[in-house]
Amino acid sequence: MVSASLREQSQAIRDRSFEVRAYSQYLEKQSKRHQEKPSIAECAERTQSLEDRVSQFKMQLRRALAECQQVQER
């Protein structure tokens, strides 16, 4: 009687242990994914860099258009 009860408890503990290990692995994967994501500061830095490059590109386009207009006016 005691032996059967102990076996059942032991099996329940093993089952729970398996669930906890699986959940732990899931959390580790989630943690790694979050660590790989860029921080807000890095995203803001990239955004500023892109905005600067777009701004420079616009200035270059304006200059090129102005030069084209000058050539056409001649």
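The values are calculated or read from the model by the stated rules, or taken from the named source; none is laboratory data. Everything numeric here is computed off the predicted structure, so don't read it as measured data. A quick note on method: Cβ atoms are made from the backbone with ideal geometry, for glycine too, and the neighbour counts reach across all protein chains shown. Remember, those area values only see protein heavy atoms, side chains included, never the ligands or the DNA or RNA. Shrake-Rupley method; radii C 1.70, N 1.55, O 1.52, S 1.80 Å.
Can you name the condition, by its number, that Leu65 falls short on among (1) open to solvent by less than 80 Å² (accessible area, probe 1.4 Å); (2) modelled with pLDDT of 90 or more; (3) of a type in the set (A, V, I, L, M)?
Leu65 satisfies all of (1) open to solvent by less than 80 Å² (accessible area, probe 1.4 Å); (2) modelled with pLDDT of 90 or more; (3) of a type in the set (A, V, I, L, M) except (1).
State whether one or more residues within the range 30-53 are in a loop (DSSP other than H, G, I, E, B) and either open to solvent by less than 100 Å² (accessible area, probe 1.4 Å) or touching a strand residue (DSSP E or B) at 6+ places or on another chain (Cβ under 8 Å) (or both).
Looking through the range 30-53, at least one residue is in a loop (DSSP other than H, G, I, E, B) and either open to solvent by less than 100 Å² (accessible area, probe 1.4 Å) or touching a strand residue (DSSP E or B) at 6+ places or on another chain (Cβ under 8 Å) (or both).
State yes or no: is Arg33 among the charged types (D, E, K, R) and under 21 Å from the mean Cα position of the chain (by Cα)?
When the stated conditions are applied, Arg33 passes them.
Is the range 15-22 home to any residue that is over 31 Å from the mean Cα position of the chain (by Cα) and either charged (D, E, K, R) or assigned to a helix (DSSP H, G or I) (or both)?
Scanning the range 15-22, I find at least one residue that is over 31 Å from the mean Cα position of the chain (by Cα) and either charged (D, E, K, R) or assigned to a helix (DSSP H, G or I) (or both), so the answer is yes.
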